[in-house]
Amino acid sequence: MHGEDGRGNGGEGIRITTSEEAASNPLVLAFGRLQGAANRLAYILGRSLEQECGISHLMFEVLLILGRAGDPGLSMRAIAQEQVLTTGGATRLVDRMEAAGLVERAEDPGDRRGRLVRLTTLGEETTVRASRLHAENVRRYFLAPLPAEDRERFAEDLRILSHAARDELPRLP
């Protein structure tokens, strides 16, 4: 890209005056490609998790969050915050995961009234199996198409972008 604004005018501001300029702006195109790739890859990888492991991609993400947390588990609020969900959305998701035998609710040792969510044995086994499948699919569909010499830098650039965007989000109450 040329300059800060993708038009080579030295960052003086983005000059878009027609729909044709809007549609061909290098910054708009770059973000559209990123979003398109992310959406397509999420579909491909999510469909594989559903077909092979019987879980949605969102369930997989919650399994990973709970796997990182270990015992005694996490509160519904913490799960919601990690996934940028409402607590109601997290509750409905955890209800479905509990019905599938992947997680269980347990007493919170630090709060008599609180409940924590943790993996069951089946949840642990499903996390491992789904992670193996997911890692192979990430390698196949996400990294393999890129030149080998660019893969590590690309992954690092994505980490930087993700953290920068996360830092712009308001924290949930």
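In segment 102-145, what count of residues is obtained for those that are of a type outside the set (S, T, N, Q), in contact (Cβ under 8 Å) with a residue 60 or more places away in the chain and closer than 19 Å to A42 by Cα?
In the first step, residues of segment 102-145 are kept if they are of a type outside the set (S, T, N, Q); the result is 102-119, 122-125, 128-130, 132-136, 138-145.
Filter again for in contact (Cβ under 8 Å) with a residue 60 or more places away in the chain, leaving 123, 129-130, 133-134, 138, 141-142.
Among the residues that remain, those that are also closer than 19 Å to A42 by Cα are: 129-130, 133-134, 138, 141-142.
Qualifying residue count for the region: 7.
Out of the residues in segment 143-164 that are of a type in the set (A, V, I, L, M, F, W, C) and open to solvent by 60 Å² or more (accessible area, probe 1.4 Å), state the one that is farthest from Q83 (Cα to Cα). Even if it seems obvious, please write down each step before you answer.
Just the residues of segment 143-164 that are of a type in the set (A, V, I, L, M, F, W, C), to begin with: 143-144, 146, 148, 154-155, 158, 160-161, 164.
Going one step further and asking which of them are open to solvent by 60 Å² or more (accessible area, probe 1.4 Å), we end up with 148, 154, 160-161.
Values: A148: 31, F154: 24, I160: 19, L161: 17 Å.
Among those that are of a type in the set (A, V, I, L, M, F, W, C) and open to solvent by 60 Å² or more (accessible area, probe 1.4 Å), it is A148.
Cβ contacts < 8 Å: first residue in contact (Cβ under 8 Å) with a residue 24 or more places away in the chain, restricted to segment 149-172; second residue assigned to a loop (DSSP other than H, G, I, E, B) and open to solvent by 70 Å² or more (accessible area, probe 1.4 Å), any location; separation 6+ or different chain. Result?
Cβ pairs passing all conditions: L169/V84; L172/V84.
Taking segment 95-127 only, how many residues are in contact with a strand residue (DSSP E or B) (Cβ under 8 Å, 6 or more places away or on another chain), among the hydrophobic types (A, V, I, L, M, F, W, C) and surrounded by fewer than 15 Cβ atoms within 10 Å (Cβ to Cβ)? It would help to see each step written out before you state the result.
Applying the first criterion (in contact with a strand residue (DSSP E or B) (Cβ under 8 Å, 6 or more places away or on another chain)) to segment 95-127 yields 97-98, 102-108, 114-120, 123, 127.
Next, only the ones that are among the hydrophobic types (A, V, I, L, M, F, W, C) stay: 97, 102-103, 106, 116-117, 119.
The next check asks that each one be surrounded by fewer than 15 Cβ atoms within 10 Å (Cβ to Cβ); those that pass are 106.
Selection size over segment 95-127: 1.
I'm checking my understanding of the structure. Among residues of segment 62-77 that are farther than 20 Å from T121 by Cβ and part of a helix (DSSP H, G or I), which one is most open to solvent (accessible area, probe 1.4 Å)?
At the first step, the residues of segment 62-77 found to be farther than 20 Å from T121 by Cβ are 75-77.
Restricting the remaining residues to those that are part of a helix (DSSP H, G or I) gives 76-77.
Working: M76: 36, R77: 122 Å².
My answer is R77.
Considering (1) over 19 Å from the mean Cα position of the chain (by Cα); (2) modelled with pLDDT of 90 or more, say which one G114 fails and leave the rest.
Exception for G114: condition (2).
Taking segment 122-173 on its own, how many of its residues are assigned to a helix (DSSP H, G or I), more than 28 Å from E98 (Cβ to Cβ) and in contact with a helix residue (DSSP H, G or I) (Cβ under 7 Å, 6 or more places away or on another chain)?
Count: 4.
Filter segment 128-142 for residues that are hydrophobic (A, V, I, L, M, F, W, C) and closer than 21 Å to L63 by Cα; which is least open to solvent (accessible area, probe 1.4 Å)?
First, the residues of segment 128-142 that are hydrophobic (A, V, I, L, M, F, W, C): 128, 130, 133, 135, 138, 142.
Pick out the ones that are also closer than 21 Å to L63 by Cα and you get 128, 130, 133, 135, 138.
Values: V128: 58, A130: 0, L133: 43, A135: 60, V138: 41 Å².
Result: A130.
Counting just the residues of segment 83-94 that are closer than 13 Å to L58 by Cβ and in a helix (DSSP H, G or I), which one comes out most open to solvent (accessible area, probe 1.4 Å)?
In this case the residue turns out to be R92.
Select from segment 1-20 the residues that are modelled with pLDDT under 95 and not in a loop (DSSP other than H, G, I, E, B) and list them in ascending order.
Scanning segment 1-20 gives no hits.
How many of the residues in segment 41-61 are over 10 Å from L133 (Cβ atoms) and either in contact (Cβ under 8 Å) with a residue 60 or more places away in the chain or not in a helix (DSSP H, G or I) (or both)? Can you show your working first?
Within segment 41-61, the subset over 10 Å from L133 (Cβ atoms) is 41-44, 46-47, 50, 54-59, 61.
Still in the list and also either in contact (Cβ under 8 Å) with a residue 60 or more places away in the chain or not in a helix (DSSP H, G or I) (or both): 41, 44, 54-56.
Count: 5.
When A80 is evaluated against the numbered criteria (1) assigned to a loop (DSSP other than H, G, I, E, B); (2) surrounded by 12 or more Cβ atoms within 10 Å (Cβ to Cβ), which criterion, by number, is the only one it fails?
A80 satisfies every listed condition except (1).
The values are calculated or read from the model by the stated rules, or taken from the named source; none is laboratory data. None of these values were measured; they are calculated from a predicted model. For neighbour counting, all protein chains shown are included, and Cβ atoms are generated from backbone atoms with ideal geometry for every residue, glycine included. Each accessible area value is taken on the protein alone, full model and side chains, heavy atoms only, with ligands, DNA and RNA left out. Shrake-Rupley method; radii C 1.70, N 1.55, O 1.52, S 1.80 Å.
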